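The values are calculated or read from the model by the stated rules, or taken from the named source; none is laboratory data. Everything quoted here is computed from the prediction, not taken from an experiment. Cβ placement follows ideal geometry from the backbone for every residue including glycine, while neighbour counts extend to all protein chains displayed. Heads up: the accessible areas ignore ligands, DNA and RNA and are worked out on the full protein's heavy atoms, side chains in. Shrake-Rupley method; radii C 1.70, N 1.55, O 1.52, S 1.80 Å.
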Amino acid sequence: MIKNKFLVGYIIGCIAMITMILCGDHVILPSIKNHEYNQYKIQYSWLTMRIYDKVNFEAGKNKIDPKIIFAIINSESHGNQYAYSQAGAIGLMQIMPYHLPKGIKSKYALYDFDLNIEVGCKVFADCLDNSRGNVIKGINAYERGKKKEVSIDYLGEIFENLNYRKRYAK
């Protein structure tokens, strides 16, 4: 009986190692993933595992640090997927309807957190590209949208959320 438990553990460990070798370092093993999720959950009470997974997937797809996306969501909507601003921005990442992908006609589709995070990460990635990778300018461009004024308070809130200033405010 003990040998069988040992063998099962050994096989699971081998499968995990082979998966990491074949897929690269971006593979998150369940125990590590749960630990990271729990760390975020302490700071963001609104966070669910589905939102966590979607943010990590879309951030990875767009080559963005997911910590920034969590901070943006917290600043924009405090995790309320049904948030609606006076300016007309919708959902977790407060997306303006003019950012909707072609083929989606209703702005109310942005209340779906999957679509909202997908579009929000794409918009933020475009803001980063337009600011030549400067995170501060990218965040400002995301927050401003089509407005001209710059909000220092918004930047402060984003950086305060994750103590990000040390790494990116150069």
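Taking residues in the range 40-57 that are under 20 Å from Phe124 (Cα atoms), and partners anywhere that are among the β-branched types (Val, Ile, Thr) and outside any loop (DSSP other than H, G, I, E, B), the pairs with Cβ atoms closer than 6 Å and at least 6 places apart or on different chains are Lys54/Ile117; Val55/Ile69; Val55/Ile117. Within the option set Lys137, Lys122, Lys166, being open to solvent by 70 Å² or more (accessible area, probe 1.4 Å), within 21 Å of Asp65 (Cβ to Cβ) and either modelled with pLDDT of 95 or more or under 17 Å from the mean Cα position of the chain (by Cα) (or both) holds for one residue only, Lys122. When Lys41, Lys63 are checked against the criterion of being in a helix (DSSP H, G or I) and open to solvent by 10 Å² or more (accessible area, probe 1.4 Å), a single residue qualifies: Lys41. Here Val27 meets the list (1) part of a loop (DSSP other than H, G, I, E, B); (2) modelled with pLDDT of 85 or more almost entirely, failing just condition (2).
In the range 86-103, the count of residues that are of a type in the set (Phe, Trp, Tyr) and closer than 29 Å to Lys41 by Cβ is zero.
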